[in-house]
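Inspection log for the structure reproduced underneath, given as structure tokens.
The values are calculated or read from the model by the stated rules, or taken from the named source; none is laboratory data. Here the structure is a predicted model, which is why all the values come from computation and not from measurement. Here the Cβ positions follow ideal geometry from the backbone for every residue, glycine too, while neighbour counts run over all protein chains shown.
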Amino acid sequence: MVAQMNPAAVGHPPAYFVEPGSADIVMWIIAAIVVVSILGTGLLFLTLHTLPERIAHKRQKLQFEIVAVLGLLALLTHIHWFWIAGLILALVDLPDFTGLLRKMAGSLSDIATNTAALGENKPEQRPPVPKREPERSSVEGNLTDA
């Protein structure tokens, strides 16, 4: 049995038509392009997503942890405001309050040590002054002794 061509068909088929049972080269090329583009897009997304964390890594530990939590929230909830807040927080330098608090604690410790070292040279303490109660009048209007 000889296969006859349809009279409406072109005399020469395009190059991407293959015979039954042979490998389709164009399909494998397109499949490779799709896989590479999906992996490349995912890599670009994750690289861009970790940008605030990489910026904040050079800053204070607390700032880095807050930015990392905001990044995870943005990744898992798809709320983009978390990512924007993390990026802004990563770009802004926060003042170092812990250094100031450590200095204050050290100064208070020094004061406490010096006061304890003085021992007997404490200033003389005065006895507490008793409080005077205010004068009261009775309900009928009689005044009490003043």
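Looking at A56, is it modelled with pLDDT of 90 or more and among the aliphatic types (A, V, I, L, M)?
Details: modelled with pLDDT of 90 or more: no; among the aliphatic types (A, V, I, L, M): yes.
No; evaluated as a whole, the condition is false for this residue.
Out of (1) in contact with a helix residue (DSSP H, G or I) (Cβ under 7 Å, 6 or more places away or on another chain); (2) in a helix (DSSP H, G or I), the odd one out for Y16 is which?
Of the numbered conditions (1) in contact with a helix residue (DSSP H, G or I) (Cβ under 7 Å, 6 or more places away or on another chain); (2) in a helix (DSSP H, G or I), the odd one out for Y16 is (2).
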